[in-house]
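The structure under discussion appears below in the form of structure tokens.
The values are calculated or read from the model by the stated rules, or taken from the named source; none is laboratory data. Note that the coordinates shown come from a computational prediction; the quantities given were computed from them, not determined experimentally. Cβ placement follows ideal geometry from the backbone for every residue including glycine, while neighbour counts extend to all protein chains displayed. Note: accessible area is taken over every heavy atom of the protein model, side chains too, but ligands, DNA and RNA are not part of it. Shrake-Rupley method; radii C 1.70, N 1.55, O 1.52, S 1.80 Å.
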Amino acid sequence: MSLVVFPFKREDPGNLLKNVKIASAHPRVEEVLCVGFEEDDCFRTLAAAAPKLSKEQGKPVKVMVQERLGELRPGKGDGMNTALRYFLEETDHQRLHFYDADIVSFSEEWITKAEEAADQGYDVVRHYFPRASTDAMITWFITRTGFALLWPKSVLPWIEQPLGGELLLTREAARGLLADHRVRRQSDWGIDTLYTFSMVKQGFSLYETYMGVGKLHKLYGALTDLKTMLVECFAAIQSLRGIELTELSTHQVEFPGPVPPEVKEKLGYDLERTLPLLCRDWTPEEEDLLALFPPEVRAGMEACRSFPKFSFMDEEAWRGAYEVLLDNFQLGQPHWESLLFRLWVARTLNYTAQHALRGYDHALYYLHQMIWRYARLGLRR
Ligand code: DGY
């Protein structure tokens, strides 16, 4: 039997309550736990509703504030690790499901499909779903790119949504993750990267189950909305550099279904509000850092100070920039964080203009081929 966990922070309590009810009504689910970042309005609404829900469903529905477990910015990582600890120390359920609190299309099928794959013996089941061609820009240009450049022979580059927050863990996999000190330390947005890396490092078998309905989560405005996530996801990859993968994970991916037109036509971010981010607020310190980068990157970024430029930031230029970032980036150093963000914006805009504009099918094919090329080429040195 299973525990379902929703980590949350300032969510719409109506949607989260709906998801909690769906989860607790599932026959495989024995308990539902909501882990809040803090005691915000959403937390209070849920905490007030929980006793009645528990009574109606005849199984516990609990709400708790996340513990301070890690060493980085307190965020989603502390929330997920609080749940891991609760699951292992306070319960004897066999499986743990995580779902992001903002899924609008949540249904019992998300739980059923994960349970079915776990019944087949997989240690970890990860949900994946179709995403707009200009969504998932951290996934493609930071996480999958980094996995391909650094661990090309592992299954890591081929995991469809390595930052996905919807997954099932068996007790053994949960125990393995919590025992990993790097996972416990990662209190911020880097947690998804760390879970993914740790489960592969420990050789757990992975199944990726396809949810055709997608997640229909909120959309982003300018890419600035993603800056903290971007910086923390990159720093997470950087912190793992040099670790060797010796265990062999098996990895099976359910064949995807047709992609709904809403996803194919959706725009991932606001282009007009993003373009000025390339030019605005350069500091002399940030400009100095450009000296570390390959000539084409340096020249392109220098030109950005007066006009948004991005045609230079193609796949190869990004490989060069990524390598310099791996060697030099400093988390918590504002000039580095700003430059990483700008470089990634340039890469995202380049891809949008060169590939996403040519249509969904072309774009997704391009992205997958790009990962293959990075895995073949590796780092430049
Ligand atoms: C990603 O890149 O996957 C992030 O969720 C932003 O879309």
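Tabulated results
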read-out	value
Options S306, L349, P276, ranked by Cα towards positive dipole end of the stretch 271-377, top entry (Cβ charges)	L349
HN-Hα J in Hz across the stretch 33-47 - Karplus 6.51, -1.76, 1.60, θ = phi - 60°, x for Gly and Pro	10, 10, 10, x, 5, 7, 7, 8, 4, 4, 4, 5, 4, 5, 4
Using θ = phi - 60° and Karplus 6.51 cos²θ - 1.76 cosθ + 1.60, couplings along the stretch 74-91 (whole Hz; Gly, Pro as x)	x, x, 4, x, 4, x, 5, 6, 4, 5, 4, 5, 4, 4, 7, 9, 10, 9
Nearest-0.05 FRET efficiency for S105 and L271, computed from C-beta distance (R0 25 Å)	0.45
Heavy-atom surface of the chain, accessible at 1.4 Å and reported per residue (Å²)	41
Additional length obtainable on full extension of the chain from Y365 to T246, 0.36 nm per residue less Cα span	39.9 nm
Percent carbon-and-sulfur accessible area, the chain, ignoring ligands, DNA and RNA, probe 1.4 Å	52
Cα-based reach from K62 at 16 Å (exclusive), listing lysines while leaving out same-chain residues under 8 positions away	K9, K18, K21, K52
Formal net charge of residues neighbouring S205 (Cβ-Cβ distance under 11 Å; K, R +1; D, E -1)	-3
Inter-site label distance for E38 and A303 at 7 Å from Cα along Cβ, in nm	4.4
